[in-house]
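Heads up, the thing below is written out as C-alpha cells.
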Amino acid sequence: MTVIQLATAQSFDFLLRQSREGDGRWGDIQLAPGNGTGEGADWLVVYDQPPRGLATRLPRDRRIVFLPEPVSIKYYDPAFISQFGIAVTSSPLPGFEGEAFHMQPSSPWFYGTGLGAAAGGPPRLGFAELAARPVPCEPVRGLISAVCSTKALNRNQVRRLRFLRRIKAALGERLDIYGRGFREVADKAEGLDGYRYHLVLENNLDPHCWTEKLADPLLAGAYPIVAGGPGLEGYFDPLGFTALDITRPDTAMKTLLAVLEADPVSRPEVQAAMRENRRRLMEEHQVFPVLEQLVAGRGNGAPALLAEAEAIRPPARAPYRRLTQALRPLRRAADRLHVAVFERG
C-alpha cells in the first residue's frame, strides 16, 4: 500500500468522499490527511496551497502539487512550485525543472456535500450514492438551471454574465439561476436536482480548465450545456454534452435554444453517454485515480527521508499586486468594452 500524505488549506472532507468508501483508499494508494513531517508516508501531495506551518522530510521527487487555478485566475510563483517534483496544472510552467502534467485540475465536487443538511437541505451523498443517481435526474423540477455568481473579476466573468442575462431574457421563468448575487445555495444539489439541463459557466476559457462546475451536473444527472474551454471531448463522450462558444453570443444562444427544443435527453443513446461521462468523471478524472496513475511505477520502495524537515512555504503574492488592485476598475471597464465591441457574433 502506497501512503500519500494530503496537506491542503481546503477541507479534507470534500476530497475524501470521492474515494469509494470515503476512507481515502483507492486501489493501491491510501490518502492520509495530515500536516506531519512525512514519517510513514511515501508521498506528499499539496492541493492548491499548503496549510500554515507545513514541513516535510520527504524529498522533492516525492512531492506533488495540484494547481487547480489557471494563471488567468491565480498566481503560483515559481519558487513555490519548485518545492515539488511533480506539478498537475492546466497552465504552462516555464522554467519548472520537475515533471509537469497538463490536464484538468481535479477540482473537488461540490454536488452532494450536505453542507445545508442541518437547515433542511439535501443530505451528504457518498460515492456509491452518487454513482447510482438516475439519468436524467428525477423528478423534474424545471427545464434548465445555472449556478453562477455576480463576480466580474476577469474578462470571461464579464462575458458569462452578459450571456446569462441574454439567456434569462430569452427563457424567462424556464431558467432558474442560483449562486451569490442570485439565489444562494449551501449545496450545489439545491441548484441541480430535478433539472433536465444545466448551463455550465466556467470562470475561464483555457484548455483543460473544466472544474466542479461541469462535474456537478454530471453527478446530478443533468445534461450539461457548457460554456468553457476547448478539449472536453478528450475527457468525455460529446454525445453527453453540448459545448458553447460564448465569445460568439448570438451563435451560442441559438445553439442553446436549439438544444432545449430538440430535447436530446429524451434519446436513450444520449442518456447512455451521460452515464458514461459520469463514470469517466468518477473513475478516471478526479483526484484519486489521477494520483494512482501519477505514483504508479515512480519511487518504488520507501523514500530516503531528509535529515531535517523542510518548510513548505505557501505561494507568494503576485508581483505588483497593489498596482493591479488599483487598476482593477479600469481593467473591468476595458473588459466590458472589449466584450461589447468585439464579441457580437
Filter result for Ala258 (free of Cβ contacts under 8 Å to residues at least 24 places away in the same chain and either more than 30 Å from Leu15 (Cα to Cα) or not assigned by the TED database to the domain that holds Pro68 (or both)): yes
Among (1) in contact with a Ser or Thr (Cβ under 9 Å, 6 or more places away or on another chain); (2) without any contact (Cβ under 8 Å) to a residue 60 or more places away in the chain - the single one Val270 does not satisfy: (1)
Could you give every pair whose Cβ atoms fall below 7 Å, whose first residue belongs to the stretch 8-26 and is closer than 15 Å to Gln286 by Cβ, and whose second residue is of a type in the set (S, T, N, Q), counting only separations of at least 6 or pairs across chains? Phe14/Thr113; Gln18/Gln286; Gly24/Gln30; Arg25/Ser19; Trp26/Ser19
For the stretch 146-159, does any single residue satisfy the condition of being surrounded by 17 or more Cβ atoms within 10 Å (Cβ to Cβ), closer than 30 Å to Val341 by Cα and modelled with pLDDT of 95 or more? yes
Take Leu58 and tell me if it is over 29 Å from Glu202 (Cβ atoms), crowded, with 22+ Cβ neighbours inside 10 Å and not acidic (Asp, Glu). yes
Mind checking which residues of the stretch 21-67 are in a strand (DSSP E or B), of a type in the set (D, E, K, R) and over 23 Å from Thr89 (Cβ atoms)? Arg25
Give me the pairs: first residue in the stretch 186-198 and in contact (Cβ under 8 Å) with a residue 60 or more places away in the chain and under 9 Å from Gly114 (Cα atoms), second residue of a type in the set (Gly, Ala, Ser) and in a loop (DSSP other than H, G, I, E, B), beta-carbon distance under 6 Å, and six or more apart or on different chains, which are they? Ala186/Gly116; Ala186/Gly121; Asp187/Gly116; Asp187/Gly121; Ala189/Gly112
If we keep only residues of the stretch 165-194 that are touching a Gly at 6+ places or on another chain (Cβ under 6 Å) and either of a type in the set (Val, Ile, Thr) or assigned to a loop (DSSP other than H, G, I, E, B) (or both), then the residue surrounded by the fewest Cβ atoms within 10 Å (Cβ to Cβ) is Ala186
Can you pull out every residue in the stretch 15-33 that is in contact with a helix residue (DSSP H, G or I) (Cβ under 9 Å, 6 or more places away or on another chain) and not charged (D, E, K, R)? Leu15, Gln18, Ser19, Gly22, Gly24, Trp26, Gly27, Ile29, Leu31, Pro33
Give me a count of the residues in the stretch 294-338 that are in a helix (DSSP H, G or I) and either at pLDDT below 80 or of a type outside the set (Val, Ile, Thr) (or both). 18
Cβ-Cβ distance below 7 Å, separation of 6 or more or different chains: which pairs start in the stretch 68-88 with a residue that is closer than 15 Å to Ala9 by Cβ and end on one that is of a type in the set (Gly, Ala, Ser) and surrounded by fewer than 20 Cβ atoms within 10 Å (Cβ to Cβ)? Phe80/Ala316
So is Glu173 free of Cβ contacts under 8 Å to residues at least 24 places away in the same chain and in the same structural domain as Asp23 (by the TED database) or not? no
Which one of these is under 24 Å from Ile246 (Cα atoms) and charged (D, E, K, R): Arg141, Arg124, Arg133, Arg166? Arg166
Quick one: in the stretch 161-199, of everything that is over 18 Å from the mean Cα position of the chain (by Cα) and of a type in the set (Lys, Arg), which residue is nearest to Ala340 (Cα to Cα)? Arg162
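The values are calculated or read from the model by the stated rules, or taken from the named source; none is laboratory data. All figures in this text were calculated on a predicted structure; none of them were measured in a lab. Note that each Cβ is placed from the backbone with ideal geometry, even for glycine, and that neighbours are counted across all protein chains shown.
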